[in-house]
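Report on the structure given below.
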Amino acid sequence: CMEMKQPKNWSDIWLPKGIATYLTGLYAKKCFGNNAYREWIHSELQEVVKYEEQFGGIIMDPSQAPAPVPSVGPGPQPPPRPVDPGFYFPIKNLHTLSPRYIEVMRKKAHLVIRMLEHRIGYELLLQVLNKQLSLASNAAGQKQSAGLWSHMLISTNVFTKAIFTVTGKDMAVFVDQWVRTGGHAKFHLSFVFNRKRNTVELEIRQDATQQRGIRKYVGPLLVTIQELDGTFKQI
């Protein structure tokens, strides 16, 4: 179905590739079960992590820099500097990219779409995708109205606006973090059970933010604790 939606620019190619792989994963999950699906997701994740820690963070849409972090200090903010991911080839041109980079970028795009599902919910994400498919189908049938043909193209900005239109949720920060910025987060966790308080004390650290391909993550984090009487989730 995503063949009807083509990337507006080559830097938007992560969208059709990521969405197509995401939908393929849903089909595989239904046919082969959740265990096989989760094993596949784990292998995709491990490949992305291995590549980024060896070569550098993958920026899926390098056409636009992420918005600068708001400053509490006085005076105007300096413009954001372009991030150099450290590759030996330019990442702003499709013809100079490594084939391996493109393949791992597809895997990361899939994982980002899954993260988006966790943020806005499965049903709402499908509504966003169905809306885009409906617009593309209608535009494809309008031979005389060339102005509607733009609906057959998809871009990072169009997709972000579509999410807000359908769900009312602004995902601009999410897109800046995971689409326009390379790298991944790496957490070190430890816990102790406090018998006096009858609570689990969990410590989460990010000690490897200076290593290649790893960056500091700021945002919500879901932690699941398995106890005898059930599973408990904390954000």
Can you tell me which of 208, 162, 172 moves the most in a GNM of the chain? Springs connect C-alpha atoms under 10 Å apart. 208
Which order results if 117, 52 are arranged by neighbouring Cβ count within 10 Å, fewest first? 117, 52
Give me, ordered by chain and number, the residues 5 or more places off residue 60 or on other chains with an amide H under 5 Å from its own placed amide H. 181
First measure r as the distance between the Cβ atoms of residue 193 and residue 28, then evaluate 1/(1 + (r/R0)^6) with R0 = 45 Å and state the FRET efficiency to the nearest 0.05. 0.75
Counting only C-alpha contacts under 8 Å and six or more residues apart, can you give the relative contact order of the stretch 185-235 as a whole percent? 28
So if I place +1 on the C-beta of Lys and Arg and -1 on the C-beta of Asp and Glu, and nothing else carries charge, what would the dipole magnitude of the stretch 185-235 be about its Cα centre? I want it in debye, nearest 20. 240
Cα-based Debye curve of the stretch 86-231 sampled at q = 0.09, 0.19, 0.22 Å⁻¹ gives log₁₀ I(q)/I(0) of -0.46, -1.28, -1.39
Computed on Cα atoms, the radius of gyration and Dmax of the stretch 185-235 in angstrom are 13.7, 41
Quick check: residue separation of residue 169 and residue 233 times 0.36 nm, minus the Cα distance between them. What number comes out in nm? 20.8 nm
Relative to the first principal axis of the alpha-carbon coordinates of the chain, what is the inclination of helix 34-55, with its axis defined by its Cα atoms, in degrees from 0 to 90 and to the nearest 10? 90
Once the other residues with Cβ under 13 Å from the Cβ of residue 234 are scored (Lys, Arg +1; Asp, Glu -1), what is the net sum? -1
Over the chain, with a Gaussian network built from C-alpha contacts below 10 Å, which listed residue (89, 193, 164) shows the highest mean-square fluctuation? 193
For the pairs 196/233; 29/108; 50/161, flag any whose C-alpha to C-alpha distance is greater than 29 Å. 50/161
Cβ-based net charge around residue 213, under 10 Å, with every Lys or Arg adding one and every Asp or Glu removing one: +2
If we count trypsin sites (Lys or Arg not before Pro) as exposed when they sit in a DSSP loop and have at most 10 other beta carbons within 10 Å, what is the longest stretch of the chain that avoids them all? 1-142
Quick query: amide H of residue 214 versus all other amide H atoms, modeled in the peptide plane; which residues come in under 5 Å with a sequence gap of 5 or more or a different chain? 184
Report, in degrees rounded to the nearest 10, the 0 to 90 angle that the Cα long axis of helix 156-167 makes with the longest principal axis of the chain. 70
Calculated from DSSP helices alone, with each H run of at least 4 adding -39500 (n - 2.57) and the total divided by the residues of the chain, [θ]222 nm to the nearest 500 comes to -14500 deg cm²/dmol
Give me the log10 of I(q) over I(0) for the stretch 95-164 at q = 0.15, 0.17, 0.24, 0.28 Å⁻¹, as the Debye formula computes it from C-alpha points; what are the numbers? -0.66, -0.79, -1.04, -1.16
Which of 13, 113, 41 moves most in a GNM of the chain, Cα contacts under 10 Å? 41
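Bear in mind these aren't lab numbers, they're just calculated from the coordinates by the rules spelled out. Keep in mind that what you see is a predicted model, and the values were worked out from it rather than measured. Positions of Cβ are generated from backbone atoms using ideal geometry, with glycine treated the same way; all protein chains shown enter the neighbour counts.
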